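These notes are about the structure you will find just below.
All of the numbers you see were taken from the coordinates with simple rules; none came from a lab. In this text the structure is predicted, and so the values were computed from the model without any measurement. Neighbour counts are summed over all protein chains in view; Cβ atoms, including those assigned to glycine, are modelled from backbone coordinates with ideal geometry.
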Amino acid sequence: MAPFGWHRAHNGRLQNDKQHLMTGGKTMAVQEIEQQVEELKSDMAKLRGDLSGILQTLLEAGKSEAGEVKEQMEAKAMEQLETLKGAVQATRDRGQRAVEQLGHRVEQNPMLSVLGALGVGFMLGVVLDRSGRR
């Protein structure tokens with residue numbers, strides 16, 4: 001059996017705890033838990049703020065990288081456009097030379113040119129007439 005003093009001390013503590021809880025008072029352990037909960041809430045709020053900042057930074061970085069890619073693509077497109085302009089100009093120059101050469105040949109042999117034109121016209125007429133009958 002337990003000594004009388006222990007029972008009395010234990011019983012007294014139980015009475016104190018009962019009275020403490022019934023009166024709405026908080027024990028040290030409850031106060032510590034509440035303090036830890038408040039600290040956790042504060043830490044969570046800080047984490048949310050930090051995450052928001054990180055997301056904003058990532059979005060801005062993505063936008064700047066997208067801008068750089070856009071600039072690179074525009075530069076490449078301009079480069080290709082210049083190449084295409086050069087090819088068009090070269091084709092135009094070759095066409096002009098061909099027309100000039102044809103003009104010189106017509107000047108040198110006008111009768112042959114007229115007969116050639118008549119022959120080409122006749123052939124086109126025959127081909128178009130046959131395709132129209134089908």
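Of the residues Q72, Q108, only one is free of Cβ contacts under 8 Å to residues at least 24 places away in the same chain and surrounded by fewer than 10 Cβ atoms within 10 Å (Cβ to Cβ); which? Exactly one of Q72, Q108 is free of Cβ contacts under 8 Å to residues at least 24 places away in the same chain and surrounded by fewer than 10 Cβ atoms within 10 Å (Cβ to Cβ), namely Q108.
Among residues of region 26-55 that are on the phi > 0 side of the Ramachandran plot, none has a beta-carbon under 8 Å from a residue that is polar (S, T, N, Q) at least six positions away or on a different chain. Going by the structure shown, is S113 free of Cβ contacts under 8 Å to residues at least 12 places away in the same chain, surrounded by 10 or more Cβ atoms within 10 Å (Cβ to Cβ) and not β-branched (V, I, T)? Yes: the conditions hold for S113.
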